[in-house]
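The values are calculated or read from the model by the stated rules, or taken from the named source; none is laboratory data. Remember, it's a predicted structure, so these values are computed and weren't measured experimentally. Because the Cβ atoms are built from the backbone with ideal geometry, glycine has one as well, and the counts that use them run over all protein chains shown. Calculation scope for accessible area: heavy atoms of the full protein, side chains included, ligands and nucleic acids excluded. Shrake-Rupley method; radii C 1.70, N 1.55, O 1.52, S 1.80 Å.
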Amino acid sequence: MKTRTNFRLPKEHGAWAMLYVPMIVGLLVAAKFPLRAIALAAAATFLFIARESLLVWWRGRSRGQKQESARRAMLIYLALAALFAAPLVLINHLYWLVPAAALSLALLAINAEQAVRREDRTITGEMIAIAGLTMTAPMAYYAARGSWDMTAAWLWALCALYFASSVFYVKLRVYSLSARKEELRRQTWRRCAFYHGSLLVGLLLLALTGKLNLFAIAAFAPIFGRTFWFMTRPANQINLKRIGLLEIIFSVVFLVFITLTFRIG
């Protein structure tokens, strides 16, 4: 706890998975692990850590507070991110990393502004954050291969869709515990059902048309199972540690089968 506070590390454990799982997927699908992949991982990590200091500084600024320590930490982490990212562009000539990083930064900046307004926990806010974090999948794929193709876009889309599932699922679990928010629970149930139903139908159509293979459906199978099971058999209590452990296991399953989707398919 003290280390996290001193170094201003992000508090959201799930966000770390959203950062690193797509990155590992991108490298495994590329099937190459050059040294520049390490530089990309370091740059992405420092950029992600800088977000925590950015939030503290941004909130303080909106309230008329200077927050100089947060500003200093943010600039240090951003400088470290730039230090590791610069050789990728200047030496390895991975020029497409520039617009990809700019897009990721823009999405995270929007999410930071939403956090200041206390809107970052909305579905829209969390989806924007997920879109920014999962950019590590196409960036890692591109950095490893040295060239850009549609596989990178597929990886981003699939990773973002996978992690977006947790937004609807967790909100449903939380609101199901409150008897006083019955209408909100029903609304969340409908949104969760629509998202996962649409995702399942979409994946089946892509498999039937040959765009993806059955490994892609297997990658999403655990989250479909846990979501549809809870929707039909809701529990009256929530164990956050158990949910967190299961989400880690599901992420590993996703990582393995999405890799097989592109390596074998």
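Data overview
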read-out	value
Computed P(r) (all Cα pairs; the stretch 188-230; 5 Å bins; percent)	5, 23, 29, 23, 12, 6, 1
Charge dipole of the chain about the Cα centre (unit charges at C-beta), most positive-ward option of 127, 29, 144	127
The stretch 133-188 - convex hull of alpha carbons, volume per residue in Å³	66
At least 18 Å along the helix axis (C-alpha) and Kyte average at least 1.0, DSSP helices within the chain	13-30, 68-90, 97-116, 150-175, 214-232, 240-263
Cut-off under 5 Å, modelled amide H: who pairs with residue 212 long-range	207
Volume per residue of the C-alpha convex hull in the stretch 107-146, rounded to whole Å³	47
Cα-based Rg of the stretch 37-171 normalised by 2.2 N^0.38 Å, two decimals	1.11
Whole-number accessible area per residue in Å² for the chain, which is evaluated in the context of all protein chains at 1.4 Å	54
The chain - mean residue ellipticity at 222 nm from DSSP helices (-39,500 (n - 2.57) per run, n ≥ 4, rounded to 500)	-27000 deg cm²/dmol
Cα-based Rg and Dmax for the stretch 84-126, where Dmax is the largest Cα-Cα distance (Å)	14.3, 41
Fraction in percent of alpha-carbon pairs per bin - 5 Å, the chain	1, 6, 12, 16, 17, 16, 14, 10, 6, 3, 1, 0
Prolate/oblate/rounded label for the stretch 17-82 (Cα gyration tensor, a/c 1.5)	prolate
For the stretch 156-227 versus the stretch 21-81, the gap between their alpha-carbon centres in whole angstrom	29
